[in-house]
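Undergrad: This is the structure I want to talk about, given as structure tokens.
The values are calculated or read from the model by the stated rules, or taken from the named source; none is laboratory data. Remember, it's a predicted structure, so these values are computed and weren't measured experimentally. Here the Cβ positions follow ideal geometry from the backbone for every residue, glycine too, while neighbour counts run over all protein chains shown. Protein only, heavy atoms only, side chains kept; ligands, DNA and RNA dropped before computing areas. Shrake-Rupley method; radii C 1.70, N 1.55, O 1.52, S 1.80 Å.
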Amino acid sequence: MKKVVLFASGNGTNVQQIAEYFACRKDIEMSYLFCNKKDAYVLKRAENLGIPFSIINRHSFYDTSEVYAQLQAIQPDLIVLAGFLWLMPTEIVRSFPKKIINIHPALLPKYGGKGMYGHHVHEAVVKNKESVSGISIHYVNEHYDEGDIIFQASCQVLPQDTADDVAAKIHLLEKEHFPKVIDRLLKEQ
Ligand code: GAR
């Protein structure tokens, strides 16, 4: 049984899509979810999906080895950041080389880095009159959005598109590709 551990901060549409994609698979399980916001909707989804979870805070995440120890106990085959907005602690990054991936809602290296997440990305894309945006799935290192890129897919941005329109297109790309990329990475291990 391959184990996937998820990290999320918000709504959790990606968590839901990943969990549903693998729901009928006996070889892959969503073992655990870590969330840094106690009122995030992703927790409701985790409850409905039957994924065990815990809520982390800055102190437990950065000043103690609690999450690291939990990960060591689970021994995940893949750690997936699905809308998780905190930097991974060095101890965790170093202990799971090539096993932590993130999805970013832009074509990195454009529109990456601290503060560039979720709607901020789409607003910047529209403001700069980009004609293309997309998603990047990449390995996680100690810097925001800088690890090696595993996969990218793009979509058109029309002159009349709002940030919400771009967000909708990006969510479709995420739904189509993220679970499949996770599946491929687990198969390749
Ligand atoms: C997703 O669009 C994801 O790409 C983005 O947050 C959204 C989370 O949506 N991630 C980042 O911006 C990371 N820098 P969700 O909670 O509905 O899955």
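Undergrad: Can Leu108 be described as of a type in the set (A, V, I, L, M) and out of contact with any His (no Cβ under 9 Å at 6 or more places or on another chain)?
TA: Details: of a type in the set (A, V, I, L, M): yes; out of contact with any His (no Cβ under 9 Å at 6 or more places or on another chain): no.
In short, no.
Undergrad: Tell me, yes or no, whether region 168-177 has at least one residue that is among the aliphatic types (A, V, I, L, M), away from the ligand (no atom under 14 Å from the Cβ) and crowded, with 20+ Cβ neighbours inside 10 Å.
TA: Taking region 168-177 and keeping what is among the aliphatic types (A, V, I, L, M), we get 168, 170, 172-173.
From what is left, the residues that are away from the ligand (no atom under 14 Å from the Cβ) are none.
Checked against the condition, which is being among the aliphatic types (A, V, I, L, M), away from the ligand (no atom under 14 Å from the Cβ) and crowded, with 20+ Cβ neighbours inside 10 Å, region 168-177 yields no hits at all.
Undergrad: Moving on to the next point. Do you know which of the residues in region 5-35 that are of a type in the set (Val, Ile, Thr) and buried (at least 23 other Cβ atoms within 10 Å of the Cβ) is farthest from the ligand (Cβ to nearest atom)? Explain how you work it out, then say what you get.
TA: Here is the first cut: in region 5-35, the ones of a type in the set (Val, Ile, Thr) are 5, 13, 15, 18, 28.
Narrowing the set further to residues that are buried (at least 23 other Cβ atoms within 10 Å of the Cβ) leaves 5, 15, 18.
Working: Val5: 16, Val15: 6, Ile18: 9 Å.
So the residue we want is Val5.
Undergrad: Tell me the residue from Pro109, Pro97 that is out of contact with any Ser or Thr (no Cβ under 6 Å at 6 or more places or on another chain) and more than 17 Å from Ala153 (Cα to Cα), please. I'd like the intermediate steps shown before the answer.
TA: Numbers: Pro109 fails: more than 17 Å from Ala153 (Cα to Cα).
Unique residue meeting the criteria: Pro97.
Undergrad: I'm told His138 meets every condition in (1) open to solvent by 10 Å² or more (accessible area, probe 1.4 Å); (2) within 16 Å of the ligand (Cβ to nearest atom) except one. Can you identify the failing condition by its number?
TA: Of the numbered conditions (1) open to solvent by 10 Å² or more (accessible area, probe 1.4 Å); (2) within 16 Å of the ligand (Cβ to nearest atom), the odd one out for His138 is (1).
Undergrad: I need the full set of residues from region 141-156 which are more than 15 Å from the ligand (Cβ to nearest atom) and more than 30 Å from Ile92 (Cα to Cα), in order please.
TA: Hit for region 141-156 is Gln156, nothing else.
Undergrad: Name the single residue that is farthest from Arg184 (Cα to Cα) among those in region 132-149 being within 13 Å of the chain's Cα centre (by Cα) and not in a loop (DSSP other than H, G, I, E, B).
TA: Ile135
Undergrad: Next question, about the same structure. Anything in region 39-56 that is closer than 24 Å to Gln72 by Cα and either among the polar types (S, T, N, Q) or within 15 Å of the ligand (Cβ to nearest atom) (or both)? List them, or say none. Write out each step before concluding.
TA: Of all residues in region 39-56, those closer than 24 Å to Gln72 by Cα come to 42-43, 46-47, 49-56.
Answer for region 39-56, where residues must be closer than 24 Å to Gln72 by Cα and either among the polar types (S, T, N, Q) or within 15 Å of the ligand (Cβ to nearest atom) (or both): Val42, Leu43, Ala46, Leu49, Ile51, Phe53, Ser54.
Undergrad: What number of residues within region 142-165 satisfy the criterion of being surrounded by 11 or more Cβ atoms within 10 Å (Cβ to Cβ) and under 16 Å from Leu78 (Cβ atoms)?
TA: 3
Undergrad: Output the qualifying pairs, or none if there are none: Cβ atoms under 9 angstrom, residues six or more apart or on different chains, first residue in region 101-125 and free of Cβ contacts under 8 Å to residues at least 12 places away in the same chain, second residue within 9 Å of the ligand (Cβ to nearest atom).
TA: Pairs found: Gly115/Tyr144.
Undergrad: How about region 89-105: which of its residues are within 12 Å of the ligand (Cβ to nearest atom) and farther than 18 Å from Asn11 by Cβ?
TA: Residue satisfying the conditions is Ile101 alone.
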